[in-house]
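Undergrad: Here it is, the structure, as structure tokens.
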Amino acid sequence: MSYLGQQLVNGLTLGGVYALIALGYTLVYGVLQILNFAHGDVYMVGAFIGFFVMVGLGGPLKPSVPVAVMILIMFLVAMLGTGLLGIVIERFAYRPLRNSTRIAPLISALGVSILLQNAALLLFSANIRSYDTSSYISSTLGFSFADITIDGVRLFVLVLSIALMFGLARWVNGTQVGRAMRAIAYDRDAAVMMGIDVDKVIRWTFFVSAALAGAAGVMNGLLLRGVSNGMGLVPGLKGFTAAVVGGIGSIPGAMLGGLLLGVVESLAQGYLSTNFSDTITFALLIVVMLLKPNGLLGKRAIVKA
Amino acid sequence: MKKTTRLGVVAASAALVVSGLTTVATPATAASCSGTIAIIAPLTGGVAFIGKEQQGFAQLAVADYNAKNGTSFNTKDYDTQLDAAQASTQAPNIVANKDVLGAMGPAGSQEVLAIGGLLGANNIALVSPSATRTNLTAGTFPNFYRPIPNDGLQGPGDATYMAKTLKAKEVVVIEEKTAYGTGLAKEVVATLKTLKVKVTNIAVNEKNADYAAVVTRVSKTTNFVFVTFQDAAKSEQVAQELIKQKKKAVVFGSDGSDQPTFKTPGTLVSAFAPDVTGLPVAAAVVAAYKSTYKAEVTTFGPPAYVAAQVIVEAAGRACAAGKPNDRAAVLAEIAKTNIKQTIMGNALSFTANGDVKGGRFYIFKTQADGKRKLVA
């Protein structure tokens, strides 16, 4: 039982990161009906920003500020930086193609993805950078219950990812921009006629979705340590899959899809095969899609009816 | 003829004779000796830090040879990203480049498997500084050489050290599903079983990023987790995850983990090369590398220097023998390699299969201050 419990803890933590990435996909798709395949690379940029902020604050061995403050600044700067990057991507890669064919923004997204990966290669080199988390957060920090251990970093990542998800849900439902976002998702033409500044709302959408990816990137760095220019590809694909399984365009669906993906992956590794865990995970997800083509919570989506 | 004129002719004739003798004795000094040493390495991608170091050391080896002998050999880079498919796309480019006389690399065993045949068919020697899979020198690739020992020494050596010296009773082997990881894991598992150690083999995908689920599978009675990653950050993650999940097992990394990022105190790592930074014979090269590339020296760089040295010296000898730009002649000369002392401190010659004669692995233990100490 403790074995199952430990694998669930592992899976939920990983799933939290996937869910944050999935939310970015779902927000952009909900408003613009485009698949932002550069999203995984925005996540990579967020991880790098967090890393360089850490280095700027004295590095993992001798931080010049308290560790909690350092981590807070890492998250804030990474989210702000990736948020602004999201706005730039929207302005130059998607807005000119807004009234183009459906395939054009997709190709543009792939181009941005390759551009970001190679820009990171040029700027930061191909070296794998390490957050070296154990230097400032002890690996023995955490607690055990019934032989299930949850360490400090995992607990922090899990709690923060859930907090960000619920924060996003409140923002979408409780703010003027959030309501405008839902209105555009429902009927863009009507929203324009009602005086909603579509460009401004789309900018906000990209800012928020990219900021979430930035937060996920820092979480990845804290949790798995390694950061490199190619790190966004697989998590990006998994985040996209989570969004589709949950019902793309649906915020609760993205959360559920991400957590489910993480748990299934962890259980597949724990009980079936570590080597083929991705195969098992994606096979199961195909089954889900066959049974629920709109995703698990697709009916509740904020997509255009 | 005036006496001075006669003397001049004699002197000129003598100079010509001496010049001719010099040409015969050390003909590699001829500026006409030129050609390209291909550097096949992971210059981008997740383990580019390995490729960059190999590239730097290989370039230094060729530059050193040119400086000493007045030759004009050069290098050309071929990036493989440590990926067999990427290596396969580069192989035809290497073959098509008529200036290429031999190749330093590739870094990984899977890449040798992918391109060794094509390059061999075109008489291009591969001298790899880090491909350790045992069967690469089983006869399939007569053009393949390596100045480092193979996993036939590493796997059994590491397993024997765990079982006999460290008295391990239970070991988990994490086998990364690559040509390197699978071959090495097979050697380790077989030796541990022979030595009556309980072994659990866990195969993992190369793309896997989170090893928490894998560590959960490690029992609390396990003494060692032997990892076959080619990315030391993964080995470090496993070591830290074991601490987090309150398991006593110690991580033992193969040479793929021999990087500064794998630094948890108490962990062990085997390496195919010694730490050359303290060797007088390597001092000049180490200093040149640090000043030129502004990077630290690990165990991946020096074998690349030796590998490139083997090729460029063979190319020089072939040129001196009147066969410049002749790949087959260079390949034949590589087999005759006999370096009295390399920058790794050893003498170097090859067996008929292309393995280094008298090779050995080194086992290091990470100390509390993060530094490594040679233990075997």
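The values are calculated or read from the model by the stated rules, or taken from the named source; none is laboratory data. What you see is a predicted model, and the numbers here were worked out from it, not measured in a lab. Cβ coordinates were reconstructed from backbone atoms using ideal geometry, including for glycine residues, and neighbour counts include every protein chain displayed. The accessibility values were calculated without ligands, DNA or RNA, using every heavy atom of the protein model including side chains. Shrake-Rupley method; radii C 1.70, N 1.55, O 1.52, S 1.80 Å.
Undergrad: For the protein assembly as shown, what is the percent of antiparallel DSSP beta bridges, rounded to the nearest 5?
TA: Values: 15 of 49 bridges.
That works out to approximately 30 percent antiparallel.
Undergrad: Given R₀ = 56 Å, what would the calculated FRET efficiency be for A:Ala169 paired with B:Lys169, taking r from the Cβ atoms and rounding to 0.05?
TA: Numbers: r = 52 Å, r/R0 = 0.92.
The value I calculate is 0.60.
Undergrad: Residues of the range A:2-300: accessible area per residue at 1.4 Å, in Å²?
TA: Value returned for the range A:2-300: 41 Å² of accessible area per residue.
Undergrad: Would you mind checking the pairs B:Lys263/B:Lys290; B:Lys76/B:Lys357; B:Lys68/B:Lys98; B:Lys246/B:Lys371 and listing those with alpha carbons more than 27 angstrom apart?
TA: B:Lys76/B:Lys357
Undergrad: FRET efficiency for A:Thr101 and A:Leu80, Cβ-Cβ distance as r, R0 = 35 Å, nearest 0.05?
TA: Values: r = 33 Å, r/R0 = 0.96.
Between A:Thr101 and A:Leu80 the formula returns 0.55.
Undergrad: Give me, ordered by chain and number, the residues 5 or more places off B:Gly102 or on other chains with an amide H under 5 Å from its own placed amide H.
TA: For B:Gly102, the qualifying residues are B:Ala38.
Undergrad: Let's test this: bin the Cα-Cα distances of the range A:2-300 at 10 Å from zero up to the farthest pair and state each bin's percent.
TA: Here the calculated profile for the range A:2-300 is 7, 28, 35, 23, 7, 1.
Undergrad: Using only Cα atoms, locate the centre of the range B:136-164 and the centre of the range A:7-28, then give the distance between them in Å, rounded to an integer.
TA: About 42 Å separates the Cα centre of the range B:136-164 from the one of the range A:7-28.
Undergrad: From the backbone phi of the range A:31-44, what are the Karplus-calculated ³J(HN,Hα) couplings (6.51 cos²θ - 1.76 cosθ + 1.60, θ = phi - 60°) in whole Hz, Gly and Pro given as x?
TA: In residue order, the calculated couplings are 8, 10, 6, 10, 9, 7, 6, 7, 4, x, 7, 5, 4, 4 Hz.
Undergrad: Still on this structure, I have one more. Could you tell me how far the Cα centroid of the range B:238-285 sits from the Cα centroid of the range B:184-230, in Å?
TA: About 17 Å separates the Cα centre of the range B:184-230 from the one of the range B:238-285.
Undergrad: Given the C-alpha centroids of the range B:303-350 and the range B:38-73, what is the distance between them in whole angstrom?
TA: 15
Undergrad: With the crude spin-label approximation of a point 7 Å out along Cα→Cβ, what separation in nm comes out for B:Lys357 versus B:Ala67?
TA: 3.0
Undergrad: Test of understanding: in a Gaussian network model of chain A with alpha carbons linked when under 10 Å, which of A:Leu168, A:Leu121, A:Leu261 would top the mean-square fluctuation ranking?
TA: A:Leu121
Undergrad: Mind checking A:267-278 for the average number of partner chain beta-carbons within 10 Å of each residue's beta-carbon? Intermediate values should be presented prior to the final figure.
TA: Numbers: counts 1, 1, 11, 5, 2, 0, 4, 12, 9, 3, 5, 3.
Going residue by residue through A:267-278 and averaging, the value is 5.
Undergrad: Moving to a separate point now. Give me a single rounded figure for B:311-322: the average over its residues of other chain Cβ atoms within 10 Å of their Cβ.
TA: Going residue by residue through B:311-322 and averaging, the value is 0.
Undergrad: Compare B:Ala320, B:Ala131, B:Ala273 in a GNM of chain B, Cα atoms joined below 10 Å, and give the one with the largest fluctuation.
TA: Taking springs between Cα atoms under 10 Å, the residue moving most is B:Ala320.
Undergrad: Follow-up. Rounded to the nearest 20 Debye, what is the dipole magnitude of chain A about its Cα centre when Lys and Arg each give +1 and Asp and Glu each give -1 at the C-beta?
TA: It comes to approximately 640 debye.
Undergrad: With only Lys, Arg, Asp and Glu charged, each at its Cβ (+1 for the first two, -1 for the last two), find how big the charge dipole of the protein assembly as shown is about the Cα centre; round to the nearest 20 debye.
TA: Dipole size: approximately 480 debye.
Undergrad: Now for a different question. Could you give the nm distance between label points at A:Met194 and A:Leu123, where each point is 7 Å from its Cα heading toward the beta carbon?
TA: 3.8
Undergrad: To check my understanding: the extent here is largest minus smallest coordinate of the Cα atoms along each principal axis. What are those three numbers for chain B, in Å, largest first?
TA: 99, 40, 36
Undergrad: Using a ≥ b ≥ c from the Cα gyration tensor of the range B:151-271 (square roots of the eigenvalues), is it rounded, prolate or oblate, where a/c under 1.5 gives rounded and otherwise the larger of a/b and b/c decides, a/b for prolate? Intermediate values should be presented prior to the final figure.
TA: Working: a/c = 1.38, a/b = 1.15, b/c = 1.20.
Rounded, since a/c falls under 1.5.
Undergrad: Then there is this: Using every Cα-Cα pair within the range B:58-156, state what percent have a distance larger than 16 Å.
TA: Roughly 56 percent, once rounded to a whole number.
Undergrad: Along the charge dipole of the range A:2-300, pointing to its positive end and built from +1/-1 on Cβ of Lys, Arg, Asp and Glu, which listed residue (A:Gly221, A:Val159, A:Ile107) has its Cα farthest out?
TA: A:Ile107
Undergrad: Between chains B and A, what is the buried accessible area in Å², counting both sides, with a 1.4 Å probe and ligands, DNA and RNA left out, to the nearest 100?
TA: 2600
Undergrad: Sort A:50-59, A:193-202 by packing, meaning the average of other beta carbons within 10 Å per residue, with the highest value first.
TA: A:50-59, A:193-202
Undergrad: Another question, if that's okay. B:Ala96 versus B:Ile339, label points 7 Å from Cα toward the beta carbon: distance in nm?
TA: 3.2
Undergrad: Report the trypsin sites (Lys or Arg not before Pro) located in the range A:84-187 that are in a DSSP loop and have at most 15 other Cβ atoms inside 10 Å of their Cβ, or state none.
TA: Those satisfying the criteria are A:Arg98, A:Arg102.
Undergrad: For the range A:1-73, divide the Cα radius of gyration by the Kirkwood radius and give the resulting Rg/Rh value with two decimals.
TA: Numbers: Rg = 16.9 Å, Rh = 15.0 Å.
Rg/Rh: 1.13.
Undergrad: Using only the Cα atoms of the protein assembly as shown, each taken as one equal point scatterer with no solvent, compute I(q) by the Debye sum, divide by I(0), and report log10 of the ratio at q = 0.07, 0.09, 0.10, 0.11 Å⁻¹.
TA: Taking Cα atoms of the protein assembly as shown as identical point scatterers yields -0.53, -0.82, -0.97, -1.11.
Undergrad: Continuing with the same structure: Can you pull the accessible area of B:Arg360 for me, 1.4 Å probe, Å² to the nearest 10?
TA: So the heavy atoms of B:Arg360 present about 110 Å² to solvent.
Undergrad: Kindly provide the trypsin sites (Lys or Arg not before Pro) of the range B:245-277 that DSSP labels as loop, not H, G, I, E or B, and whose Cβ sees at most 13 other Cβ atoms within 10 Å.
TA: B:Lys248
Undergrad: Are there residues in the range B:211-236 whose accessible area shrinks by at least 40 Å² when all protein chains are included rather than the chain by itself, and which are they (probe 1.4 Å, ligands and nucleic acids not counted)?
TA: B:Ala213, B:Thr216, B:Arg217
Undergrad: Averaged over peptide A:128-137, how many Cβ atoms belonging to another chain are found within 10 Å of each residue's Cβ?
TA: 4
Undergrad: Quantify, in whole percent, the carbon and sulfur part of the accessible surface of the protein assembly as shown (1.4 Å probe; protein heavy atoms only).
TA: C and S atoms contribute 63 percent here.
Undergrad: Pull out a ≥ b ≥ c, the square roots of the eigenvalues of the alpha-carbon gyration tensor of the range B:266-376, then state rounded if a/c is under 1.5, prolate if not and a/b is larger than b/c, and oblate in the remaining case.
TA: Prolate shape, in that a/c is at least 1.5 and a/b is the bigger ratio.
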